[in-house]
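Have a look at the structure below, then the notes.
Derivation of every value follows stated rules applied to the coordinates shown; laboratory data play no part. What you see is a predicted model; the values in this text were computed from it and never measured. As a convention, Cβ positions derive from the backbone with ideal geometry for all residues, glycine included, and neighbour counts pool all protein chains shown.
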Amino acid sequence: MSDSETEGDGQEQGQDETAQAPPTRRSLRITLPTQDELDRLPAEVRLELRDRHRAERHQWLNSLGILFGVLFTAGSLVATGMAVRTSQEDLRNSQKNLKVAQESQLTDRYAKALEALADDDTTIRLGAIHAFTRLLTDSPRDRDAITALLAGFTREHDPAPTIKQAKLPIEPSTDIAAALTTLANNPYPVPPLDLHQIRTPHISLPKAHFSKANLNGADLHYADLIGTKLSGADLRVANLRYADLSGAKLSGADLRVANLRYADLSGAKLSGADLRVAKLSSADLSGADLRSADLSGAKLSSADLSGADLRGANLSGANLSGANLRGPDQRSPDLRGANLSGADLRYADLSQSADEIRRIAKTDIKTKF
């Protein structure tokens, strides 16, 4: 083979290799038309190209605006979230500071009222009691302490045991009356009050809240206790002569050896009450609920028990001489050993005949059947 043929084959092979080689970056470069080329284009084409260019530019500007809008909205949301979180934190701190301030204020009010309660001036003590009355509402954590404090104040400032009953004041002092009124009207649950042996005759405490209170040995003669809640209260040996307990709630109360002579117990709830050896002479028990009450050995001479509910009541050994026991429903009371001399049993439904009653109880010619 000649050198020329070999050279020709090499050139052809180089051309083939050049044709098959991949395009370079320079070969892919887009060549923009020159101004002369553009000028040679028809007018309508140039207008179309110009409009397309403007549209692309507007679209790019709109996209950029939308992007900025999204970024601005996101930034606003982040800023708002941070502001809300800061506001919430500030609110919590404000509430915490307010609570601390309120507690500090309540503590200060309590301390000032306590100091005033020990003053020698009755007027200042009265102001202290009114302050404690407001604190019962404003400071739940101090309710137990306040009620115990006022009960103790009453026990300490009422007439001393050395003062004879005949020389007791006609009515309690204003500060004692205010303290007891606060305790009586307190609507919040507190531990049972300790008012044992207080001496407050003629006190007016209608509808008082004294359930389960300790009133052992208390002197409350002539007291106004209408509708008072005394269920489960300890009233042993209490002096309740002439007291008005009409409509009072005394269910389950302990009234052993209590002095209730001439007391008004009409319509009172005394079911399950312990009235053993209680003094109830001339007491008004008309319409009272005495179901299952223990009246054994009680002194009920001339008492009015008309219309009282005595079902299951224990009247064994009770003195019912001259008592009024007329109907309507007094079935099955235990009358063994009771003194029914001069008692009025007419119309009473006792589930026992007159002969049976005469056999188990003491009667006389004045007993009315």
Subject >> Value of relative contact order over the range 99-191, rounded to a whole percent, pairs C-alpha under 8 Å and six or more apart >> reply: 28 percent
Subject >> For peptides 337-347, 76-86, sequence by mean Cβ density within 10 Å, most packed first >> reply: 337-347, 76-86
Original post:
What is the magnitude of the charge dipole of the range 192-369 about its Cα centre, with +1 placed on the Cβ of each Lys and Arg, -1 on the Cβ of each Asp and Glu, and no other charges, expressed in debye to the nearest 20?
Top reply: 240 debye
Original post:
Hey, which of these cross-link pairs are over 18 Å Cα-Cα: 249/299; 207/249; 212/299; 164/229; 164/299?
Top reply: 249/299; 212/299; 164/229; 164/299
**OP:** Any chance you could check the Cα centroid distance between the range 144-180 and the range 243-293 for me, in angstrom?
**Re:** 25 Å
Original post:
Expressed as a rounded percentage, what relative contact order does the range 192-369 have, with Cα pairs under 8 Å and six or more residues apart?
Top reply: 11 percent
**OP:** Give the Kirkwood hydrodynamic radius (Å, one decimal) of the range 192-369, defined as one over the mean of 1/r across all pairs of different Cα atoms.
**Re:** 15.6 Å
**OP:** Give the calculated FRET efficiency between residue 119 and residue 188 to the nearest 0.05, with a Förster radius of 30 Å applied to their Cβ-Cβ distance.
**Re:** 0.70
**OP:** Arrange the peptides 312-322, 147-157, 65-75 so that the one whose residues have, on average, the most other Cβ atoms within 10 Å appears first.
**Re:** 312-322, 147-157, 65-75
